[in-house]
1. Pick from VAL49, VAL27: which is more than 15 Å from LEU171 (Cα to Cα), out of contact with any His (no Cβ under 7 Å at 6 or more places or on another chain) and modelled with pLDDT under 90?
2. Within the bounds of segment 80-96, is there any residue that is in a helix (DSSP H, G or I) and touching a Ser or Thr at 6+ places or on another chain (Cβ under 9 Å)?
3. Where residues in segment 46-61 are small (Gly, Ala, Ser) and within 17 Å of LEU149 (Cβ to Cβ), which of them is farthest from the chain's Cα centre (by Cα)?
4. Select from segment 62-93 the residues that are closer than 25 Å to SER20 by Cα and among the basic types (Lys, Arg) and write down the one among them that is nearest to the chain's Cα centre (by Cα).
5. Sort through ALA206, ALA197 and tell me the only one that's of a type outside the set (D, E, K, R), surrounded by fewer than 15 Cβ atoms within 10 Å (Cβ to Cβ) and part of a helix (DSSP H, G or I).
6. Determine whether ALA184 is at pLDDT 85 or above and either outside any helix (DSSP H, G or I) or touching a Leu at 6+ places or on another chain (Cβ under 9 Å) (or both).
7. Residues being over 25 Å from VAL43 (Cα atoms) and not hydrophobic (A, V, I, L, M, F, W, C): count how many of those fall in segment 165-219.
8. Inside segment 89-98, can you point out the residues that are surrounded by fewer than 15 Cβ atoms within 10 Å (Cβ to Cβ) and either touching a residue at least 60 places away in the same chain (Cβ under 8 Å) or of a type in the set (Asp, Glu) (or both)?
Amino acid sequence: MEFDSSFLPVLIITLAAFFSSMVTAIVGAGGGTALLLLMLYMVPAGNVVAVHGCIQLVSNFARVAMFWRHMHWPVIVRFVIPMPAGVYLGLQIYEMMDHDGLQLVIASFVLLSLVIRPPSSPEARGLPKGIYYVTGFFIGAANIIVGVLSPILGAILRLERLPKEQLVGTLGFFGFAGNVFKIAGFAFVGFAFAPYAVMVACASLATIAGTYAGKRLLAGISSRTFTITFQIMLGAMATRLIWTALS
């Protein structure tokens, strides 16, 4: 499958970028997953992670800028330090996989992320701080292959019992750092970003507007029903992509 750079696909991905960023700003995670799944219908699976990373970098940067005062820095530092080594490992694995295999792995990972939940016990608080060094390494590798890890990271970070704004901001920094290293890694191995420049530019601007809109809605919205409906939609999209890859 080749990417169609005509008006309609660019418009669809731009609108999806706006709404996915708004969703992420409201519930903390999941919008980038929806965007990636939609892009798999229009962008070759071997290219989608790199291109999606460019769009999400802008979205994550906007979240970092808007939630800067709410960052949880002790966890962020431990998470980011080992990430470049993980990216190197991920690139080695990525170059050995074919497009159908990548699509299958991405969609299967999305389904897995939908069933991961943090423990509900109010006594549970945080992980041993050293765990974040290990997590950062493996997230760096997996981020190259599956592209979206915010649902997994959200489940881990919720163990810290952070306030809603601090959770959203810290997840935004995780995504920002991950996409910086991801894009640098793909550029290092010679990935051609130029054919996707118009789409990335339009979708990136849309993510900023979506993040702003979501932040305005964050304080007053009840996200439980919204989140359940959104997860059902993600599950249906991922299941269809798995069926396509296996067929």
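The values are calculated or read from the model by the stated rules, or taken from the named source; none is laboratory data. These numbers were taken from a predicted model, which means no experiment stands behind them. When we count neighbours, we look across all protein chains shown, and the Cβ atoms used for this are built from the backbone with ideal geometry, even at glycine.
1. So the residue among VAL49, VAL27 that is more than 15 Å from LEU171 (Cα to Cα), out of contact with any His (no Cβ under 7 Å at 6 or more places or on another chain) and modelled with pLDDT under 90 is VAL49.
2. There is no residue in segment 80-96 that is in a helix (DSSP H, G or I) and touching a Ser or Thr at 6+ places or on another chain (Cβ under 9 Å).
3. ALA50
4. By that ranking, first place goes to ARG63.
5. Answer to the check: ALA197.
6. No.
7. Going through segment 165-219 one residue at a time, the tally reaches 8.
8. Across segment 89-98, the qualifying residues are GLU95, ASP98.
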